[in-house]
1. On a 0 to 90° scale, report how tilted helix 13-23 is relative to the longest principal axis of the chain, with both axes built from alpha carbons and the result rounded to the nearest 10.
2. Using only Cα atoms and rounding to the nearest 10 degrees, what angle (0 to 90) does helix 39-48 make with the longest principal axis of the chain?
3. In the chain, which Cys residues have no partner Cys with a Cβ closer than 4.7 Å?
4. Projected onto the charge dipole of the chain (+1 at Lys/Arg Cβ, -1 at Asp/Glu Cβ, origin at the Cα centre), which of Ala6, Pro29, Gly95 gives the Cα projection farthest towards the positive end?
5. Can you match Rg/Rh (Cα atoms, Kirkwood Rh) to one of these, (1) 0.98; (2) 0.93; (3) 1.01, based on a calculation from the structure here?
6. Summing -39500 (n - 2.57) over the DSSP H runs of n ≥ 4 in the chain and dividing by its residue number, what mean residue ellipticity at 222 nm do you reach, to the nearest 500 deg cm²/dmol?
7. Once you keep just the Cα pairs under 8 angstrom separated by 6 or more residues, what percentage relative contact order results for segment 2-135?
8. Are there trypsin sites (Lys or Arg not before Pro) in segment 57-143 that DSSP marks as loop and that have at most 10 other Cβ atoms within 10 Å, and which are they?
Amino acid sequence: MIRIIAGGKKSAGWCAVACLEYEKRLRKPYEISWQFVEEEKLGRFLDKWPFDKRTFVICCDERGENISSDEFSKRLGSAFTNSRDVVILIGGAYGFTPEVREKADFVWSFSRLVFPHMIARLIVCEQIYRASQIADGRPYHHE
């Protein structure tokens, strides 16, 4: 299971519907669970959160590394193979502190563009679905 911790309120209707389209296609270990933390409380929540070796933490931030969908699939697959839980952090409007980015195992940038956090949620869902399809050798992802 992939746990997504997102800053801000639950998704607006359009975002929840779009994310659900991908979520309903996912199978273990790519299933998603969501946790929403008010943006003002996200920093304090993550300061107390146990970053440990059992968890592979991906922090979505425009200052991170831009990778291909194939590479993202490999990173998730490696975490699952090593019996690590996967947590993906999606910030609110102000992103993350340098301390959170430093604690993460991987800081992931979708591109050099900056996206609203609702769009980031949708991108994460689609990329998790794509990663599952790549891992299974399905035709959804083609080059």
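No lab work stands behind these numbers, since they all come straight from the coordinates. Owing to the predicted nature of the structure, the values given are computational and were not obtained by experimental measurement. Cβ: placed from backbone, ideal geometry, glycine included. Neighbour counts: every protein chain shown.
1. 40
2. 90
3. Cys15, Cys59, Cys60
4. Of the options given, the answer is Pro29.
5. Checked against the structure: label (2).
6. Using -39500 (n - 2.57) per qualifying helix, the result is -12500 deg cm²/dmol.
7. Relative contact order comes out at 38 percent.
8. Arg112
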